[in-house]
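For reference, the structure discussed in these notes is given below.
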Amino acid sequence: MSTAMLLSATTRQVGRTQLFRTAVRRSYATEAAPKKPSNLPLYFMGAGVAGLGGYFYLNSTGKSVITQEKSPLDPENFKDFKLKKIVPYNHNTSEFIFELPNNEASLLPVASCLVVKSSDPEALKDEKGKPIIRPYTPISPPEKTGELTLLVKKYDNGNASKHIHGLKEGDTLAIKGPIPKFPYKVNEFEEVALIGGGSGITPLYQIVTHALSNASNRTKFTLLFSNVTEADILLKSELEALKKKYPTKFDVVYILDKPPAGWTGPTGYISKEVLRQHVAPANLNEKVKVFVCGPPGQVAAVAGKKAGMKQGELGGILKELGYTEDQVYKF
Ligand SMILES: Cc1cc2nc3c(=O)[nH]c(=O)nc-3n(C[C@H](O)[C@H](O)[C@H](O)COP(=O)(O)OP(=O)(O)OC[C@H]3O[C@@H](n4cnc5c(N)ncnc54)[C@H](O)[C@@H]3O)c2cc1C
């Protein structure tokens, strides 16, 4: 992602949100807290682009204001961040909590990710000697101060994931970002389907937590989340809590390849039937959006292969069901 692309995406969004920014600044100077508006503009202002804006919010007492001009991350250069804590999550996944300097927040825009590589140039290289770089989406919210959490699943035959799992508390990881993905806007769609597999949940989780926390949200989200076994389902308690809190705006369907006895949900790979049953129909046109993130094989089967960093042609089950390229975004 070049600076030009990042600036262009960010500037478009900042332009749309300029009015809101002014309102926030005014309330800082003279009034009480604004009525919980979307945090989206704030995230975009803080998209790691120096000088474009600041970030403001009231603390828990509602009295003081913290100002942060930009993200501590750099979209152009890798910076080393210290691993503060490792919290084991399940049999192959752990949370890696990195320290953000000066108690700053990451201010990542939604949706965006980071890319990581080893801090040691000799440690994680491909067969040509080039550094191996992989994308990850934090599960900590953009406004979380002082830390940034990656939930990383370890692949035994993997490169980056194995490297991250080999880190110890106090070690560093080189991180660059944000890498803007889809610029999510509140209420742009009536229905959103999120189709995820395994650790592909994190970008979908970033969108849905961000969207639902906005009091003016009217969009209905349905997550179709496929995993091998029940023990592989990441963020399940968080997803269940969201479902409880937003029963009319969020639903989740778990699909298991190896279900336990008594499982009543769908099984096997994500099928046309499951999509037909749970995803809003293609004839809703621009009112429906489908986000897809998962292992390359699953993305190809559901929506057609990605072409490297580009979207690639729409294919797979979604195409067969009549969805168009505009209606689908592959992470
Ligand atoms: C936008 C985005 C955000 C992501 N966020 C996270 C995250 O928060 N946490 C996380 O653990 N992973 C995330 N991933 C996946 C991550 O980038 C790596 O692909 C994954 O950690 C495997 O990398 P590796 O170098 O260890 O494995 P590799 O050496 O690349 O491959 C090893 C094995 O991993 C499988 N694999 C490759 N790519 C993926 C993939 N995208 N998903 C699942 N399996 C894959 C391969 O089939 C192979 O079997 C994200 C991917 C994208 C595109």
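The values are calculated or read from the model by the stated rules, or taken from the named source; none is laboratory data. Fair warning: this is a prediction, and the values are worked out from it, not measured in the lab. With ideal geometry, Cβ positions are generated from the backbone for all residues, glycine too; neighbour counts draw on all protein chains shown.
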Task: Selection count, region 300-331, where residues are more than 21 Å from residue 110 (Cα to Cα) and touching a helix residue (DSSP H, G or I) at 6+ places or on another chain (Cβ under 8 Å) - done: 18
- [ ] Assess whether residue 240 counts as being part of a helix (DSSP H, G or I), acidic (Asp, Glu) and over 21 Å from residue 186 (Cβ atoms).
- [x] yes
TODO: State whether one or more residues within region 108-128 are away from the ligand (no atom under 15 Å from the Cβ) and closer than 25 Å to residue 207 by Cβ.
DONE: no
Task: Members of region 96-139 that are under 22 Å from residue 234 (Cα atoms) and either without any contact (Cβ under 8 Å) to a residue 40 or more places away in the chain or in a strand (DSSP E or B) (or both) - done: 96, 97, 98, 112, 113, 114, 115, 116, 134, 135, 136
Task: Any hit, region 184-197, residues being in a strand (DSSP E or B), among the charged types (D, E, K, R), modelled with pLDDT of 95 or more and farther than 18 Å from residue 254 by Cβ - done: yes
Open item on the list: I'd like the residue in region 310-324 that is part of a loop (DSSP other than H, G, I, E, B) and touching a residue at least 24 places away in the same chain (Cβ under 8 Å) and, out of all such residues, is surrounded by the fewest Cβ atoms within 10 Å (Cβ to Cβ).
Closed with: 322
TODO: Keeping to region 164-177, report how many residues are β-branched (Val, Ile, Thr), surrounded by fewer than 17 Cβ atoms within 10 Å (Cβ to Cβ) and either assigned to a loop (DSSP other than H, G, I, E, B) or within 11 Å of the ligand (Cβ to nearest atom) (or both).
DONE: 0
TODO: Within region 108-130, identify whether any single residue is farther than 25 Å from residue 309 by Cα and buried (at least 18 other Cβ atoms within 10 Å of the Cβ), and answer yes or no.
DONE: no
Open item on the list: Can you tell me which condition residue 235 does not meet? The list is (1) of a type outside the set (D, E, K, R); (2) touching a Gly at 6+ places or on another chain (Cβ under 7 Å); (3) within 16 Å of the ligand (Cβ to nearest atom), and all the others hold.
Closed with: (2)
TODO: Identify all residues within region 142-163 that are more than 8 Å from the ligand (Cβ to nearest atom), within 21 Å of residue 108 (Cα to Cα) and not polar (S, T, N, Q); write none if there are none.
DONE: 142, 143, 144, 146, 147, 148
Open item on the list: Could you list, ordered by first residue, the pairs with Cβ atoms under 6 Å in which the first is in region 279-290 and closer than 20 Å to residue 196 by Cβ and the second is loosely packed, with under 14 Cβ neighbours inside 10 Å, at least 6 apart or interchain?
Closed with: 282/322
